[in-house]
Amino acid sequence: MDQVTRLASQRAVVIFSTSSCCMCHTVTQLFRELGVNTMVVELDKDPQGKEMEKGLARLLGRSAGVPAVFIGGRLVGSTDKVMSLHLSGNLVPLLRNAGALWV
């Protein structure tokens, strides 16, 4: 989990993903459309990816560890939480506070 914490603090928005996950792609695309420059960590391409995914699954309280979205170094959640924040109008202010958006 130390590596997850270290990676999550490197950018304003960090998405832990796998290359074959359609929900990961959807979340990543949402942030791109909002103009956010995310850091995407493809766990299936990282030698320590399996261990990180297991740790993320524990943090999320789910069997799948991806997508896991961190904003401002803090775990926001998975697709459902990100979409809920977006639809309620709370995602953009969160991104602004983290320094991911300037407009």
**Those residues of the range 73-96 which are open to solvent by 10 Å² or more (accessible area, probe 1.4 Å), under 25 Å from GLN3 (Cβ atoms) and among the polar types (S, T, N, Q), in sequence order** = THR79
**Asked** Taking the condition open to solvent by 10 Å² or more (accessible area, probe 1.4 Å) and either among the polar types (S, T, N, Q) or in contact with a helix residue (DSSP H, G or I) (Cβ under 9 Å, 6 or more places away or on another chain) (or both), does LEU34 pass?
**Response** yes
**Asked** Going through the range 78-92 one residue at a time, which ones are touching a residue at least 24 places away in the same chain (Cβ under 8 Å) and outside any helix (DSSP H, G or I)?
**Response** SER78
**Request:** Give ASP44, ASP2 a once-over and let me know the one that is acidic (Asp, Glu) and modelled with pLDDT of 95 or more.
**Result:** ASP44
**Message:** Can you pull out every residue in the range 43-72 that is open to solvent by less than 90 Å² (accessible area, probe 1.4 Å), assigned to a helix (DSSP H, G or I) and out of contact with any strand residue (DSSP E or B) (no Cβ under 8 Å at 6 or more places or on another chain)?
**Reply:** ASP44, GLY55, ALA57
**Request:** Of the conditions (1) open to solvent by 20 Å² or more (accessible area, probe 1.4 Å); (2) in contact with a Pro (Cβ under 7 Å, 6 or more places away or on another chain), VAL27 clears all except one; give me its number.
**Result:** (1)
**Message:** For the condition within 20 Å of ALA100 (Cβ to Cβ), within 12 Å of the chain's Cα centre (by Cα) and part of a helix (DSSP H, G or I), what is the one hit in LEU7, LEU75?
**Reply:** LEU7
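The values are calculated or read from the model by the stated rules, or taken from the named source; none is laboratory data. Quick caveat: nothing in here was measured; it's all calculated off a predicted structure. Heads up, the Cβs are rebuilt from the backbone with ideal geometry, glycines too, and the neighbour counts pull from every protein chain shown. Heads up: the accessible areas ignore ligands, DNA and RNA and are worked out on the full protein's heavy atoms, side chains in. Shrake-Rupley method; radii C 1.70, N 1.55, O 1.52, S 1.80 Å.
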